[in-house]
Amino acid sequence: MNVLQPIEETRAYDQVFNIRCEYAVRFTDGIFEPLNPTFRDIVAKYEPQRRHRVAVFIDSGVADEWPQLTSEIIAYVRAHAATIDLVALPEIVPGGEQIKHGPEYVTRLTRRLFDLGMDRHSYVVAIGGGAVLDLVGFVAATLHRGIRHIRIPTTVLAQADSGIGVKNGYNAFGVKNLIGSFAPPFAVLNDARFLRTLDRRDVISGMGEAVKVALIRDGEFFQWIEAHANALANADDDALHYLIVRCAELHMRQIATAGDPFETGSARPLDYGHWSAHKLESLTGYALRHGEAVAIGCALDARYSVLQGLLPEGQDERISGVLESLGFRLWDSALLHRDDNGQFAVISGLREFQEHLGGELTITLLAGIGRGIEVHEMDEHAVLASIDWLRSRSAE
Ligand SMILES: NC(=O)c1ccc[n+]([C@@H]2O[C@H](COP(=O)([O-])OP(=O)(O)OC[C@H]3O[C@@H](n4cnc5c(N)ncnc54)[C@H](O)[C@@H]3O)[C@@H](O)[C@H]2O)c1
Ligand SMILES: [Zn+2]
């Protein structure tokens, strides 16, 4: 007897759909001035006739410098009561990387928003640096599988780079940004006023990403930074404003047009200088700010690009000179740390960079100022020679 019965043909579907993402990015000065319509208009964007529930979290570093902020927000909401329903007094959360260490604040803020009855049409507003935005952004992305999130970035880095993008997250098991999601915000509202109380160190550090994006995408922007390095180093309002706007534009263009906004491929094309930067941050126990590590990483990979014959001789010195005139120090002794096997610890940053992304090793180098180029191999001897070059420059 034949036991093999004819079976129904296997059914196979390839489900495909596209989602359109859209978020407003606005630049303003004095966002909670009662006559400034920016915030109200964003809240009213889709249902202008309704009153909208809004909860606000403020970075403690911002709250310390702007003690009147809470009363300004309350006055603003009163002036726009037909549109905005502030469900609770603005709440202060710890500023800086500490808020991202582990899930503690994810649980706390999620619980708080749940108790306040926030739904998928309510708004969670975060006012603060990149760390607070990353954490609150994750909470907003996961509560009810995503509620509307308005970012009000208050640092150079967050206004120019992190706040503009589509990522959020927090650190877990000792690994930076291990848990997180890709979730476009509802809106990003950059208020230049906040930058006036930022530490000089954070102003300079935030410019690291601008130099990076200029180097790989926009040579004219690099020349502009070069010509205005003095004004930028002195945190001149106009110069800083231009730097932030141009850097934000380049990031937005990358996200919208490069074809991989949620980073599914093996490349992170905007992460020039980052393979060593991430490693340096952890080797120094985060004593180096992200932007400071990125500046070192940019100089290192510029020298490496010259050694590989990709970038003309002398451009490495030019790039390093610009970074130094902005106020960066291009050396940290962590570059010489050895691991348990006696190997240079920074080199393992290459492997870790690849592991984070998966797939083939892909490192962005420079083929010119304003021209990034991807390579899939790194020569360890040339990396060590580049580190040595940085060391001898800093010793001079
Ligand atoms: N999501 C992304 O795509 C992305 C991209 C790059 C970096 N990041 C993350 O961003 C974080 C770094 O952000 P950052 O550079 O903004 O630093 P930060 O958030 O750590 O803030 C630095 C310090 O400045 C204080 N502060 C913030 N605004 C202030 C103001 N206006 N006046 C005075 N003090 C103020 C904060 O309280 C904190 O102490 C890191 O966690 C990094 O991983 C995220
Ligand atoms: Zn970065």
Which condition does M252 not pass, out of (1) touching a helix residue (DSSP H, G or I) at 6+ places or on another chain (Cβ under 8 Å); (2) more than 22 Å from Y23 (Cβ to Cβ), if it passes all the others? (2)
Of all residues being crowded, with 21+ Cβ neighbours inside 10 Å and within 16 Å of ligand 1 (Cβ to nearest atom) in the stretch 42-64, which is nearest to the chain's Cα centre (by Cα)? Just the residue, please. D59
What is the residue count in the stretch 176-191 for residues that are within 12 Å of ligand 1 (Cβ to nearest atom) and either in contact with a Cys (Cβ under 6 Å, 6 or more places away or on another chain) or part of a strand (DSSP E or B) (or both)? 10
Among the listed residues N190, N230, identify the single one that is more than 16 Å from ligand 2 (Cβ to nearest atom), surrounded by 22 or more Cβ atoms within 10 Å (Cβ to Cβ) and either of a type in the set (S, T, N, Q) or modelled with pLDDT under 95 (or both). N190
Here are some conditions: (1) at pLDDT 95 or above; (2) out of contact with any Pro (no Cβ under 8 Å at 6 or more places or on another chain); (3) within 16 Å of ligand 2 (Cβ to nearest atom); (4) more than 26 Å from I369 (Cβ to Cβ). R145 meets all but one. Which one does it not meet? (3)
Residue in the stretch 133-171 that is nearest to ligand 1 (Cβ to nearest atom), counting only those that are in a strand (DSSP E or B) and aliphatic (A, V, I, L, M): I152
Long-range neighbours under 6 Å by Cβ, at least six apart or interchain, first residue under 19 Å from D29 (Cα atoms) and among the small types (G, A, S) within the stretch 152-168, second near ligand 1 (Cβ under 6 Å from one of its atoms) and assigned to a loop (DSSP other than H, G, I, E, B): A158/G129
Is there any pair with a first residue in the stretch 372-396 that is touching a residue at least 24 places away in the same chain (Cβ under 8 Å) and a second that is small (G, A, S) whose Cβ atoms are under 7 Å apart and which are 6 or more apart or on different chains, and what are they? I373/A367; E374/A267; L390/A299; R393/S320
Restricting the first residue to the stretch 182-205 and requiring it to be touching a residue at least 60 places away in the same chain (Cβ under 8 Å), which pairs with a second residue that is surrounded by 20 or more Cβ atoms within 10 Å (Cβ to Cβ) and acidic (D, E) meet a Cβ separation below 9 Å and a spacing of at least six or different chains? R201/E292; I204/E292; S205/E292
From P67, P34, which residue is at pLDDT 95 or above, exposed (fewer than 15 other Cβ atoms within 10 Å of the Cβ), out of contact with any Pro (no Cβ under 9 Å at 6 or more places or on another chain) and closer than 24 Å to L135 by Cα? P67
Residue satisfying all of: in the stretch 204-227; aliphatic (A, V, I, L, M) and within 16 Å of ligand 2 (Cβ to nearest atom); nearest to I369 (Cα to Cα) among these: L215
Can you tell me how many residues within the stretch 280-319 are at pLDDT below 90 and away from ligand 1 (no atom under 14 Å from the Cβ)? 1
Quick one: is F353 within 28 Å of D236 (Cβ to Cβ), of a type outside the set (S, T, N, Q) and either modelled with pLDDT of 95 or more or part of a helix (DSSP H, G or I) (or both)? no
Got a number for residues in the stretch 238-279 being within 20 Å of S181 (Cα to Cα), β-branched (V, I, T) and either in contact (Cβ under 8 Å) with a residue 40 or more places away in the chain or within 15 Å of ligand 1 (Cβ to nearest atom) (or both)? 1
Is it the case that D260 is away from ligand 2 (no atom under 16 Å from the Cβ) and part of a loop (DSSP other than H, G, I, E, B)? yes
Checking the conditions here, which among A267, A277 is over 27 Å from F27 (Cα atoms), within 18 Å of the chain's Cα centre (by Cα) and not in a helix (DSSP H, G or I)? A267
For a quick check of your reading of the model, give me the residue pairs whose first member lies in the stretch 53-67 and is closer than 13 Å to T155 by Cα, whose second is within 12 Å of ligand 1 (Cβ to nearest atom) and aromatic (F, W, Y), with beta-carbon atoms closer than 8 Å and at least 6 apart or on different chains. V62/F194
Residues located in the stretch 280-302, provided they are more than 16 Å from ligand 2 (Cβ to nearest atom) and either part of a loop (DSSP other than H, G, I, E, B) or without any contact (Cβ under 8 Å) to a residue 40 or more places away in the chain (or both): G285, A287
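The values are calculated or read from the model by the stated rules, or taken from the named source; none is laboratory data. Just so we're clear, the structure is a prediction, and the values are computed from it rather than from any experiment. With ideal geometry, Cβ positions are generated from the backbone for all residues, glycine too; neighbour counts draw on all protein chains shown.
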